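See below for the structure under consideration.
The values are calculated or read from the model by the stated rules, or taken from the named source; none is laboratory data. What you see is a predicted model, and the numbers here were worked out from it, not measured in a lab. All Cβ positions, glycine included, derive from the backbone under ideal geometry; neighbour counts span all protein chains shown. These area figures cover heavy atoms from the full protein model, side chains too; ligands, DNA and RNA do not enter into them. Shrake-Rupley method; radii C 1.70, N 1.55, O 1.52, S 1.80 Å.
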Amino acid sequence: RQAHRLSRTSPEVYALEAMIKAAQGDDEGAIRANQNAIFLDKGFFAPNFALAHLHEKLGDAATAKRYFANALKVLDTDEEARVKLFYGIMTKQSLARLCKRK
């Protein structure tokens, strides 16, 4: 909530909110927050990748596959620092391999 008060237009804030909601078991809230992040920045890898996993978890393979494809498409153009912020030590190459396998 504090982060949203500072910036209602930051896609990173929505992606962070989505991670928190997912950790709390609120899959629908995580989906909404990730969709908001993508609305604000269509080239943002993290919410696409997260949405792919969420839809896969919920049994929606077709939607998961679409988000994995979107994630792979934007991975090369997303900022390295932002990818690292959300996925730590995983390299872009590792993330690309995960997307391709799905």
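Numbers at a glance
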read-out	value
Matching residues in the range 5-18 - criterion: being in a helix (DSSP H, G or I) and free of Cβ contacts under 8 Å to residues at least 60 places away in the same chain	5, 6, 11, 13, 14, 16, 17, 18
Within the range 32-58, tally of residues that are assigned to a loop (DSSP other than H, G, I, E, B), open to solvent by less than 60 Å² (accessible area, probe 1.4 Å) and not aromatic (Phe, Trp, Tyr)	2
Residues being surrounded by 15 or more Cβ atoms within 10 Å (Cβ to Cβ) and farther than 26 Å from residue 10 by Cβ - total across the range 66-102	1
Residue pairs meeting the criteria (Cβ under 6 Å; at least 6 apart or on separate chains; first under 24 Å from residue 26 (Cα atoms), in the range 55-84; second aromatic (Phe, Trp, Tyr) and open to solvent by less than 60 Å² (accessible area, probe 1.4 Å))	71/45; 71/49; 83/45
Members of the range 6-31 that are β-branched (Val, Ile, Thr) and either closer than 21 Å to residue 96 by Cα or open to solvent by 60 Å² or more (accessible area, probe 1.4 Å) (or both)	9, 20
Where a residue in the range 38-51 is closer than 15 Å to residue 13 by Cα and its partner, wherever it lies, is among the aromatic types (Phe, Trp, Tyr) and open to solvent by less than 10 Å² (accessible area, probe 1.4 Å), with Cβ under 7 Å and at least six apart	38/44
